[in-house]
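Worksheet: one structure, shown below.
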Amino acid sequence: MSSPRIEVDVSKVRHNTRTIVGRLNARGISVTGVTKAVCGHPIIARAMLDSGVAGLAEARLSNVQRLRKAGVTCPITFIRTPMLSQADDVVRVCEASYNTEMTVIAALAAAAIRQNKVHGVILMVEMGDRREGIMPKDLGDIALQVVNMPGVALKGIGANFACLSGIAPNAANMQTLSALANNVEGQCGPFLQTVSGGNSANLPWALEGNATGRINDLRIGEAILLGSDPISGDQIGGMFRDAFTLVAEVVETDVNSVRPSLSFADAKLAKLCLVPNPGDTTRRILAIGHQDTDILGLSMPDGNVLIGATSDHIVIGTKHATLRVGSEMRFQMKYSALMRAMAAPDVEIKLLHDGATRHRRGIQGTGGHLGLV
Ligand SMILES: *Cc1c(COP(=O)(O)O)cnc(C)c1O
């Protein structure tokens, strides 16, 4: 098997999806599966779809095109405000998109008319994250313009939290979003099909038993893929954290760990040298680096410390007996590491339990592993 590689246990992605879908559906909330961290990988998307997500969402056109080429026909919503230059392609491959700019919406409408389609528009509202969004005071007017524009249909509103500014979703801001949905309907008439409360960071709010009001959709990527709450980093009960594992190969071991002391010319590199090579450890060098993943987003196995990294290497101090050259180390990844590794050309993606083997006994039965909750 070649390395570096990501091993994806697709049965764990299915289990995580089913768990989240079950808990959220019970609260009247559907799940839109977000595939951008896996670059729109069709098998992983299929695992989400087989496990109950209502549709998919993507931030990049190339990922949507990859899904469509693989024969995925479900509704796909574009969740990054489309670039003006992409309007035609977005309309061609996505049923709907999140939008904040009238200029872009007008271009989508023109493209839809040319393609003899109606493109769904969900308006993203700014509720404190300070990334994209329409100010709540302007929402009604913009919604009215969308309603009156041929080629597009107002499908809903949405908000995003905990991405740029770290503002967390809570009972108060979810109530505000519900109220905005009611106001928009009061002002423009049509029933808003989708009121999308946010992303994985909304799960604590959604699962704590708060009133859900008008919120009937969440866009979930990280929690399905990594089984964790993005704000606290904690495991979500009943979910697998190890659906994805990064495997890298040892290219140098160093029993004699005495090295000249390091001096960094670049402050950024110095920052990455997290620990001076501790005296009682030996070093090992792995053939993976910044070009392949976010090194700081890798969890070091117990007894190992990250000494530093360069574009193509990581240096690890270990108390364990030295691994031989050619042996492999396995890492769990945070979101940033997963996202980069999935997109890296030199990282192979190895699917396990991917449905081709689904009929085999034991593979689907994840119940036995639930001890790790
Ligand atoms: C990435 C993204 C999501 C999904 O976020 P997760 O934390 O992975 O659940 C949802 N909405 C928007 C707009 C996004 O960009």
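Residue-by-condition table, conditions (1) in contact with a helix residue (DSSP H, G or I) (Cβ under 7 Å, 6 or more places away or on another chain); (2) in a helix (DSSP H, G or I); (3) more than 28 Å from Thr35 (Cα to Cα); (4) not basic (Lys, Arg):
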site	(1), (2), (3), (4)
Ile142	yes, yes, yes, yes
Asn173	no, yes, no, yes
Ser178	no, yes, no, yes
Val195	yes, no, no, yes
Leu203	yes, yes, no, yes
Members of the stretch 16-47 that are hydroxyl-bearing (Ser, Thr, Tyr) and either touching a helix residue (DSSP H, G or I) at 6+ places or on another chain (Cβ under 6 Å) or over 21 Å from Asn160 (Cβ atoms) (or both): Thr17, Thr19, Thr35
Residue in the stretch 323-351 that is nearest to the chain's Cα centre (by Cα), counting only those that are part of a strand (DSSP E or B), among the aliphatic types (A, V, I, L, M) and within 20 Å of Thr35 (Cβ to Cβ): Met333
Residue count, the stretch 189-209 (criterion: within 16 Å of the ligand (Cβ to nearest atom), out of contact with any strand residue (DSSP E or B) (no Cβ under 8 Å at 6 or more places or on another chain) and touching a residue at least 40 places away in the same chain (Cβ under 8 Å)): 2
Matching residues, the stretch 50-72, being buried (at least 17 other Cβ atoms within 10 Å of the Cβ), more than 16 Å from the ligand (Cβ to nearest atom) and part of a helix (DSSP H, G or I): Arg66
Restricting the stretch 105-140 to residues that are within 15 Å of the ligand (Cβ to nearest atom) and among the aliphatic types (A, V, I, L, M), the residue that is surrounded by the most Cβ atoms within 10 Å (Cβ to Cβ): Val121
Residue count, the stretch 210-221 (criterion: within 13 Å of the ligand (Cβ to nearest atom) and part of a loop (DSSP other than H, G, I, E, B)): 1
Checking Ala45 against (1) within 12 Å of the ligand (Cβ to nearest atom); (2) of a type outside the set (D, E, K, R); (3) surrounded by 22 or more Cβ atoms within 10 Å (Cβ to Cβ), the condition it does not meet: (1)
All positions within the stretch 222-232 that are part of a loop (DSSP other than H, G, I, E, B) and either within 13 Å of the chain's Cα centre (by Cα) or within 12 Å of the ligand (Cβ to nearest atom) (or both): Gly227, Asp229, Pro230, Ile231
Scan of the stretch 91-115 for residues that are part of a loop (DSSP other than H, G, I, E, B) and under 18 Å from Arg68 (Cβ atoms), ordered by number: Cys94, Glu95, Gln115
Number of positions in the stretch 288-298 that are under 21 Å from His320 (Cα atoms) and either more than 18 Å from the chain's Cα centre (by Cα) or part of a loop (DSSP other than H, G, I, E, B) (or both): 1
Single residue of the stretch 210-221 satisfying the filter (of a type outside the set (Val, Ile, Thr) and in contact (Cβ under 8 Å) with a residue 60 or more places away in the chain) that is surrounded by the fewest Cβ atoms within 10 Å (Cβ to Cβ): Asn216
Meets criteria (within 30 Å of Arg14 (Cβ to Cβ) and in the same structural domain as Val31 (by TED's automatic domain parsing)) for Gly198: yes
Qualifying residues in the stretch 156-168 (those that are modelled with pLDDT under 90 and surrounded by 14 or more Cβ atoms within 10 Å (Cβ to Cβ)) - the one farthest from the ligand (Cβ to nearest atom): Ile167
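The values are calculated or read from the model by the stated rules, or taken from the named source; none is laboratory data. Here the structure is a predicted model, which means the values were calculated and not measured. Cβ sites come from the backbone with ideal geometry, for glycine too, and all protein chains shown count toward neighbours.
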